[in-house]
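Worksheet: the structure to be examined is printed underneath.
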Amino acid sequence: MNEAQEKTGKKMVPLKSGLFRLPDSPDGRPVLVGSRCPACGTHFFPKRAVCLNCYREGLDEADLSGRGKLLTYTVARQTPPGSLIEAPYVIAVVELPEAVAVESVLKADIDKVEVGMEVEVVLARMKEDAEGNDVMSFMFEPVAG
């Protein structure tokens, strides 16, 4: 159990493994995990086995930046069956400094969302599993400032 889990007394588990690492401290942020091609330096998210730029096989795992700019977005106004989020919510494409586009939910006031705004990755509790663990995912939110 890390420091964040000890503080809450609950274990945190990722909604989908391999996309991000949970923070080590209660105030920490998740770290997005992608791939980097050792031959050409191109980054990818989620991780890939083959580079789409130079077709090299065997990419390295790489931590990605936690901040980026909102490239585009749409507002979901209906909640699909089985969804863990209630509508309305923002579905965003965030461009990271590594030239990677990450699709994610944007935790923000819908009326204040603007293309180009700076955003950062945050941890979000999605549900509780059968063992009582907090099932966590990542989202983005506007950078405070």
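List of remarks:
- Of all residues in the range 136-145, exactly one satisfies the criterion of being surrounded by 16 or more Cβ atoms within 10 Å (Cβ to Cβ), aliphatic (A, V, I, L, M) and either touching a residue at least 60 places away in the same chain (Cβ under 8 Å) or farther than 16 Å from Glu86 by Cα (or both), namely Met136.
- Against the list (1) over 15 Å from Ser137 (Cβ atoms); (2) at pLDDT 95 or above, the condition Val31 fails is (1).
- Wholly enclosed strands (runs of 3 or more DSSP E) of the range 79-141 bearing at least 2 residues within 10 Å of the chain's Cα centre (by Cα): 101-106, 118-128
- Top-ranked residue of the range 58-104 - restricted to ones that are without any contact (Cβ under 8 Å) to a residue 40 or more places away in the chain and hydroxyl-bearing (Ser, Thr, Tyr), ranked as surrounded by the most Cβ atoms within 10 Å (Cβ to Cβ): Ser104
- Matching residues in the range 18-72 - criterion: being in a loop (DSSP other than H, G, I, E, B) and of a type in the set (S, T, N, Q): Ser25, Thr42, Asn53, Ser65
The values are calculated or read from the model by the stated rules, or taken from the named source; none is laboratory data. Being a predicted model, the structure only gives us computed values, none of them experimental. Here Cβ is always computed from backbone atoms with ideal geometry, including for glycine, and neighbour counts include all displayed protein chains.
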